[in-house]
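Just below is one structure, and these are the notes that go with it.
Nothing in this text is a laboratory measurement; each read-out follows from the coordinates by a stated rule. On a predicted model such as this, the values are computed, not experimentally measured, just so you know. Cβ: placed from backbone, ideal geometry, glycine included. Neighbour counts: every protein chain shown.
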Amino acid sequence: MTNIWEFLVQTLAVSLVAVLLLVAKGLLADKLSPRWQYGVWGVLALRLLLPVSMGRNVLLPVPLWVETLKGMAERGLNSAYSAVYTPLSIQWPFPIMETRPQSVTDWLFAVYVVGVVVSLLWYLVSYLRLRMILRRGSPVSEQVQVSIQSVCTRYGLRPCRAVAVSGLPSAFVCGVLRPVLVLPADGEIDEKVLLHELLHLKHQDALQSIAWCILCALHWCNPFVHYVCDRIGNDMESLCDQRVLERLEGEERREYGGILLSMANDRYPRAPGTTSVSNGGRNIARRIDAIVRFKKYPRGMGLVSVCVAVVLAVPVLMGTAASYSGNICRPNATSELNRAMAMTRIQRCSTVAGALDTYAKGLMYENGIYIAMASPLSRHSELEAEMRYNAEADGWVAYHLGVGDELQYLLQNDGYRVYNLELQPDGSYTALLVFSVSSFLNPDGEGLWRNEEGESYAGSVAIPVTVWQEDGWVVRESGKPLQFLGLSLYQILTPDAGLPWLKYDDETGKSGTVTVGVQTQYTVSNSVQSSGFNPFGWTTFDETIKPDAKFESCNESTYVEYHFEGDAEQRNDLSYAAMEIAPLDAPGAEPIFSGRIDSGDSGWSSSDGTAGCSRPVTSEWDGTLTSGSGSGADVTKGGLAQLPAGYAVRIYWNGEAVEDFIFGEVD
């Protein structure tokens, strides 16, 4: 923890988990044995030690609440430990001060750190004072030593050094590395009390006491955590009672209960590294109640207890996913914008597909919240300022953002496409986000762009983008939008449309020149069933963002063009020409051609990626053969599809193969 906000997230999450455990323990109080009543606190121990993930909710959306509060409070401050657009990120459950405090929130964190140090020092001093008092104790009598040895022999326990101290109300164990069994100097000590303390020693309960005190010190300013730690100490004593009763028989158990009753009003030591058979009147009453129920717990409750612990541990340790729908992504007023922007700082895009999906929908719906979630944090101040301006000056709802003249008329139900996604050497990706548009603005700025008949142009727009990792995957527009008048999302894949190729290469041989171009189209599942009466199964575009999305599929489109460059005599001898394309599984692989050609004017393609075409040679033939194919490609976990390693093209003249072109790696 490096600021007061991270501590607030951590301590609220711990408190919520403690409440859940207390409720569960209360409901099962008469069914869970003391062993499981104490064991379930292990869930809380893990929650105390594990930093809260800001992208997950622990029972309630605590991270979002605190991030929102932080954004509002830090706006007018110049804090050294936190800032409005720097999201909270808890890396360590212990506080660390990295520099001198400068603001109110910094000083609050400094006070908290001082409180932790003081609490730990107080625990340490208490322990050292107790050890000094014990130094003045005297060795126990030979009779007591014999009793201790007898208990150890009978129950297979390890003895330790024992001292007698005057004025003690009850026995206790002190220390971990060099434990001491401390006994009252006045009066006789029952062997059952010795058994209780030696069982504490066997199970390292003094060490557990130190651990709980340290965790309590980390939350010194949270009184509820102090209350819970006190309950944990009491459950530890009840568990030790259970272990004692398991070793006693009949009348001895009743006698042990009587011993506890005699201590109901006694003072008891409570210092780090100590255990005591006595822990106050109210707590003794609870322990007596547990003794009465000894061996009366329902059979099989051990397994039930494990299941309960696992069921509780999953949501409180792993957290639950946040929702991206509703007003959180579409705030209806400026007052709701703080919470929405807080969400964009802690809920980042976890995949390339998620970032592209979120950013594309931000452009389609002019949603600044969507765009902020898929943008670098350094852009958030600018984006929020624009949204506030639009909300206050222009009367738009709070999340609206200007997206530029080229994107004024996007056809939202047509969705978007991701073309030519490509991994770059630096680990980033480049791609084209492509949208359908119903109209274009006139280049002269006057109205819509219309044809000679007065009809407005429809078409497509492609936006070059770069995607990289920076507090999640983020998107940046890397070039001006490309406009395609009159061309649909699929028509712009044709060679003469002007869309940049993913890969392109050409090669000249003895028979002519072959050009190969490759385009890819990635899709995220965004089709949802239309609501209401829908007998035809119509679907609409899902405008909900999916920051964790993965690509559903990828379609590869290959275009091949051949230009005849033979001499006049070869041209005169030609009756028909043909071409066949085959993908290569690996560089240098032997191409497999089907030889499927005929003398007519035809073209074909198959699911394995092979394709071909043929053309009768007449005086009107311009010497060109063109062929294209489209096939699905498997999308890998990294997000990219596995495309062919290369392509082979075979040219046929009058049915005879005359030349092979091998494109080992299309650039």
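For the chain, the alpha carbon positions stretch 126, 62, 54 Å along the principal axes, listed from largest to smallest. Relative to the longest principal axis of the C-alpha atoms of the chain, give the angle of the C-alpha long axis of helix 250-262, reported between 0 and 90° and rounded to the nearest 10°. Between the helix axis and the principal axis of the chain, the angle is about 90 degrees. Label separation (residue 120 vs residue 86): 2.3 nm, computed from points 7 Å beyond Cα along the C-beta direction.
Extension gain, residue 405-residue 660: 0.36 nm per intervening residue step, less the Cα-Cα distance, totals 87.0 nm. Region 188-247 and region 589-667 have Cα centres separated by 78 Å. Among the chymotrypsin sites (Phe, Trp or Tyr not before Pro) within region 383-437, those in coil by DSSP and having at most 16 neighbouring Cβ atoms inside 10 Å are 396. The Cα atoms of region 381-536 give a gyration tensor whose axes a ≥ b ≥ c have a/c of 1.5 or more with a/b greater than b/c, which makes the shape prolate.
The lysine pair tally for the chain, using Cα distances under 27 Å and a gap of 8 or more places or different chains, is 24. Taking each residue as 0.36 nm, the span from residue 413 to residue 335 lengthens on full extension beyond its C-alpha to C-alpha distance by 25.1 nm. List the relative contact order of the chain as a percent without decimals, with contacts defined as Cα pairs under 8 Å and 6+ residues apart. Across the chain, relative contact order equals 10 percent. For the pair residue 594 and residue 311, label points projected 7 Å from Cα toward Cβ lie 5.8 nm apart.
With a Förster radius of 60 Å applied to the beta-carbon distance between residue 386 and residue 618, the computed FRET efficiency rounds to 0.45. For region 105-163, the set of trypsin sites (Lys or Arg not before Pro) satisfying both a DSSP loop assignment and a count of at most 12 other C-beta atoms within 10 Å is given as 136. Net charge dipole, region 18-121: roughly 320 debye, given to the nearest 20, about the Cα centre with Cβ charges of +1 for Lys and Arg and -1 for Asp and Glu.
With a simple spin-label model that places each label point 7 Å from the Cα along the Cα-to-Cβ direction, the separation between residue 104 and residue 204 comes to 4.6 nm. For the chain, a simple Cβ point-charge model (Lys and Arg +1, Asp and Glu -1, everything else neutral) yields a dipole of about 6460 debye relative to the Cα centre.
Ellipticity at 222 nm from helices only: DSSP H runs of n ≥ 4 in the chain, each -39500 (n - 2.57), divided by the residue count, give -11500 deg cm²/dmol. The Cys residues in the chain with no partner Cys Cβ within less than 4.7 Å of their Cβ are 152, 160, 174, 213, 221, 240, 307, 329, 349, 554, 613. Assuming charge only on the beta carbon of Lys and Arg (+1) and of Asp and Glu (-1), the dipole of region 157-217 about its Cα centre is about 320 debye to the nearest 20. Sparse packing (at most 16 other Cβ atoms within 10 Å of the Cβ) combined with a DSSP loop state is found for the following GluC sites (Glu not before Pro) in region 595-667: 620, 665. Percent of C-alpha pairs per 5 Å bin in region 1-145, short distances first: 2, 9, 13, 14, 13, 12, 10, 9, 7, 5, 3, 2, 1, 1, 0.
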